[in-house]
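Asks: Quick one: structure below, then a few questions.
The values are calculated or read from the model by the stated rules, or taken from the named source; none is laboratory data. Model, not experiment: these values are computed from the prediction. With ideal geometry, Cβ positions are generated from the backbone for all residues, glycine too; neighbour counts draw on all protein chains shown.
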Amino acid sequence: MSDIHPVLAEVTNRIIERSRNTRAAFMARADRYKSNEPRRKKLSCANYAHVVAASDDHDKLQAALDAVPNIGIVTAYNDMLSAHQPFHDYPDKIKAAARKIAATAQVAGGVPAMCDGVTQGREGMELSLFSRDVIAMSTAVSLSHDAFDAALCLGVCDKIVPGLVIGALSFAHLPVIFVPGGPMSSGLPNPEKAKVRTQYALGQVGRDALLAAEMASYHGVGTCTFYGTANSNQMMMEMMGLHVPGAAFVHPNTPLREALTVAATQQAAKTAENGKSPKRMADVLSEKAFVNAVVGLLATGGSTNHTLHIPAMARAGGVIITWQDMDDLSRVVPLLARVYPNGSADVNHFHAAGGIGFVIRELLSAGLLHEDVETIWGTGLSDYAQEPFLDGETLKWRPVPEHSLDDKVLRPVSDPFQAEGGLRELNGNLGRAVTKTSAVKAEHRIIEAQCVVFDDQDDFLKAFKAKTLPDGDFICVVRFQGPRANGMPELHSLTPSLSAFLDEGRKVALVSDGRMSGASGKVAAAIHLTPEAVDGGPIAKLRNGDMLRVDCEKGTVDYLGDATEFLERTNAERPKEADGMGRELFAHMRRAVGPADAGGAVFW
């Protein structure tokens with residue numbers, strides 16, 4: 001293991017200093033609620049009777065013993081999400097595992113889990129970002145009964161894991177372990193799926209061919225296999241020490257997956273608040289743990305959605321992380337993985353080549369991760385540079401492969417795919433934005449062209465189909481897509497159409513105060529632009545034909561016309577606020593939400 005890289009040390013130190021007051025307040029709250037005796041012992045007899053009323057006689061007897069930990073399960077189960085369907089049987093399995101070690105477990109509550117893959121381009125997508133904060137509140141409601149000595153959080157996908165983390169951090173006096181479900185088996189290769197999507201956008205194939213390709217891609221239980229937000233979540237849970245080591249990418253319904261779930265239950269009981277070796281979430285999710293999450297995101301080319309989620313999660317733990325922190329780290333953290341949309345492989349190939357354990361070992365060897373952190377498993381991140389396996393029926397760990405088993409998917413720090421992570425903060429007279437270049441070819445990262453302005457992605461798609469977009473190069477501007485405008489829906493539906501222009505040899509880019517999917521790829525995109533149009537951001541002044549420059553190398557996004565004339569322009573009128581499909585219920589959240597660079601959260 002090498003000494004800590006100086007940039008990692010500098011960024012971490014300034015985060016610690018910036019967060020000094022907020023972190024101190026957070027830790028004081030965690031200290032205020034810590035307890036050496038069972039939480040339920042503080043309940044009145046009537047309160048306690050309600051807790052165990054539905055339990056069987058064995059669990060009632062166990063729960064009456066002071067030394068017995070009671071584990072609360074917060075589950076995001078539903079069987080509409082392939083990633084969350086495996087959680088159906090987890091409560092019973094966890095309870096059975098708990099009984100074997102003289103502990104008890106109860107489902108504390110459920111949280112909603114919507115699928116961005118279903119709501120892409122639909123009205124329901126305007127609820128998506130805010131569902132994270134609803135999940136956080138639902139987690140708090142679930143644990144508010146104060147009857148648990150530890151918690152297990154069952155979640156995988158896009159907003160669910162960040163929401164669970166934010167909510168659980170309000171109970172950071174407890175040990176909290178995250179329990180994943182694992183990815184589905186590989187289906188239609190991702191490049192073939194992307195090709196059919198572009199062909200459909202161009203009208204070259206019909207809906208029947210598109211549906212066949214999509215069904216062949218998303219075909220079974222488990223997480224979608226591209227490296228989007230869901231799988232980036234699982235990587236981060238390992239980097240932050242919230243998983244049983246190596247749990248992220250083991251397939252559902254396999255003996256190894258079952259053993260990892262049992263191990264999570266056993267560890268929750270072992271480290272419970274009323275046990276001999278308590279392991280509080282407050283101590284696990286330190287400033288260094290959140291920095292490790294950023295580094296993992298950069299090294300693996302993870303989802304741009306986490307430029308929202310990491311600041312939001314960190315703030316729940318009293319830690320203030322900025323896009324500048326991410327940008328500075330990106331310039332020294334090498335890209336070690338190419339997983340779709342940053343390459344052709346899926347997450348199963350990545351895992352087979354060495355996976356997260358390989359990435360952690362390599363980054364530790366270069367001083368690019370903090371090893372000296374608390375984890376739910378022990379002390380030190382080195383525990384996560386291993387892979388789990390079954391020796392008969394016994395769960396064990398061994399070192400990850402010394403060399404990548406496929407250097408087209410995974411590489412060491414000595415021979416990375418590129419020298420930096422590819423995440424950039426963009427600054428200019430249009431505001432501040434982020435971009436991800438790891439999937440964008442070098443020749444597509446800088447574009448200076450006229451813009452075409454839309455207030456809705458559907459209007460762009462109509463123009464695309466009607467072939468009324470400009471000839472030559474252009475920059476697509478889609479505004480009024482920020483958190484305050486409409487909840488910041490993903491604009492992934494733009495990707496196939498914009499990609500078609502690149503395939504023709506034209507240069508195109510996207511500028512938006514909205515966000516792209518974790519599956520966004522080869523088009524240069526200045527996204528999460530803040531201030532957003534609704535707040536009077538400069539993007540609200542843009543007009544068709546204005547010249548813009550997006551430079552993902554230097555990190556700039558600018559209007560190139562006369563500055564005085566531009567400032568004198570009247571801002572575009574905000575579109576009428578939409579309702580229906582539940583959107584009216586979230587109006588108060590749109591009014592309360594903070595800016596994208598602070599995580600787009602309603603709490604701070």
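Asks: Being surrounded by fewer than 24 Cβ atoms within 10 Å (Cβ to Cβ) and assigned to a helix (DSSP H, G or I) is the requirement here; does Gly163 meet it?
Replies: Numbers: surrounded by fewer than 24 Cβ atoms within 10 Å (Cβ to Cβ): no; assigned to a helix (DSSP H, G or I): yes.
For Gly163, the condition - surrounded by fewer than 24 Cβ atoms within 10 Å (Cβ to Cβ) and assigned to a helix (DSSP H, G or I) - is not met.
Asks: Still on this model: Please give the number of the condition Ala526 fails out of (1) touching a strand residue (DSSP E or B) at 6+ places or on another chain (Cβ under 7 Å); (2) in a loop (DSSP other than H, G, I, E, B); (3) crowded, with 21+ Cβ neighbours inside 10 Å.
Replies: All conditions pass for Ala526, except number (2).
Asks: Continuing with this model, one more query. May I ask you to list the residues in the stretch 124-152 that are touching a Pro at 6+ places or on another chain (Cβ under 9 Å) and not small (Gly, Ala, Ser)?
Replies: Listed by number, the residues that qualify are Met125, Glu126, Leu127, Leu129, Phe130, Arg132, Val134, Ile135, Phe148, Asp149.
Asks: Give all pairs with beta carbons closer than 6 Å in which a residue from the stretch 98-119 that is within 18 Å of Val52 (Cα to Cα) and assigned by TED's automatic domain parsing to the domain that holds Met80 meets a residue that is among the basic types (Lys, Arg) and surrounded by 18 or more Cβ atoms within 10 Å (Cβ to Cβ); count only pairs at least 6 apart in sequence or on separate chains.
Replies: Within 6 Å, the pairs are Ala105/Lys95.
Asks: Only one of these is more than 28 Å from Glu577 (Cβ to Cβ), outside any loop (DSSP other than H, G, I, E, B), modelled with pLDDT under 95 and outside the structural domain of Leu127 (by TED's automatic domain parsing): Leu502, Leu498. Name it.
Replies: Leu502
Asks: For the stretch 514-542, which residues satisfy the criterion of being within 16 Å of Gly121 (Cα to Cα) and in contact (Cβ under 8 Å) with a residue 60 or more places away in the chain?
Replies: Narrowing the stretch 514-542 to residues within 16 Å of Gly121 (Cα to Cα): 514-520.
Residues satisfying the conditions are Arg515, Met516, Ser517, Gly518, Ala519, Ser520.
Asks: How many residues, within the stretch 325-354, are over 24 Å from Gln386 (Cα atoms), aliphatic (A, V, I, L, M) and in contact with a strand residue (DSSP E or B) (Cβ under 7 Å, 6 or more places away or on another chain)?
Replies: Residues meeting the conditions: 1.
Asks: Of these, Asp133, Asp146, which one is out of contact with any His (no Cβ under 6 Å at 6 or more places or on another chain) and crowded, with 24+ Cβ neighbours inside 10 Å? Outline the logic, then answer.
Replies: Details: Asp146 fails: crowded, with 24+ Cβ neighbours inside 10 Å.
It is Asp133.
Asks: Has the stretch 64-78 got any residue that is part of a loop (DSSP other than H, G, I, E, B), of a type outside the set (Ser, Thr, Tyr) and closer than 30 Å to Glu214 by Cα?
Replies: yes
Asks: Might you check whether a residue that is touching a strand residue (DSSP E or B) at 6+ places or on another chain (Cβ under 6 Å) and polar (S, T, N, Q) occurs anywhere in the stretch 488-505?
Replies: For the stretch 488-505, residues touching a strand residue (DSSP E or B) at 6+ places or on another chain (Cβ under 6 Å) and polar (S, T, N, Q): absent.
Asks: Moving on to the next point. Checking Ser382 against (1) assigned by TED's automatic domain parsing to the domain that holds Asp551; (2) among the polar types (S, T, N, Q); (3) at pLDDT 95 or above, which single condition isn't satisfied?
Replies: So the condition that Ser382 fails would be (1).
Asks: In addition: Please give the strands (runs of 3 or more DSSP E) falling wholly within the stretch 388-479 in which 3 or more residues are modelled with pLDDT of 95 or more and not assigned by TED's automatic domain parsing to the domain that holds Phe566. Outline the logic, then answer.
Replies: Details: elements: 394-399, 423-428, 431-436, 446-454, 474-478.
Answer list for the stretch 388-479: 394-399.
Asks: Of all the residues that make up the stretch 82-140, how many are among the β-branched types (Val, Ile, Thr) and in contact with a strand residue (DSSP E or B) (Cβ under 6 Å, 6 or more places away or on another chain)? Walk me through how you get there before you give the answer.
Replies: Of all residues in the stretch 82-140, those among the β-branched types (Val, Ile, Thr) come to 94, 101, 104, 107, 111, 118-119, 134-135, 139.
Keeping just the survivors that are in contact with a strand residue (DSSP E or B) (Cβ under 6 Å, 6 or more places away or on another chain) gives 94, 104, 107, 139.
Residues in the stretch 82-140 being among the β-branched types (Val, Ile, Thr) and in contact with a strand residue (DSSP E or B) (Cβ under 6 Å, 6 or more places away or on another chain): 4 in total.
Asks: Of all helices (runs of 4 or more DSSP H) completely enclosed by the stretch 172-288, which ones contain at least 2 residues that are surrounded by 24 or more Cβ atoms within 10 Å (Cβ to Cβ), modelled with pLDDT of 95 or more and under 18 Å from the mean Cα position of the chain (by Cα)? Explain how you work it out, then say what you get.
Replies: Numbers: elements: 190-201, 207-217, 229-239, 255-270, 281-284.
By residue number, 229-239.
Asks: Have a look at Ala76, Ala53 and point out the one that is in the same structural domain as Ile160 (by TED's automatic domain parsing) and either among the charged types (D, E, K, R) or under 24 Å from Val176 (Cβ atoms) (or both). Give the steps one after another, and end with the answer.
Replies: Details: Ala53 fails: either among the charged types (D, E, K, R) or under 24 Å from Val176 (Cβ atoms) (or both).
Criteria check complete, one pass: Ala76.
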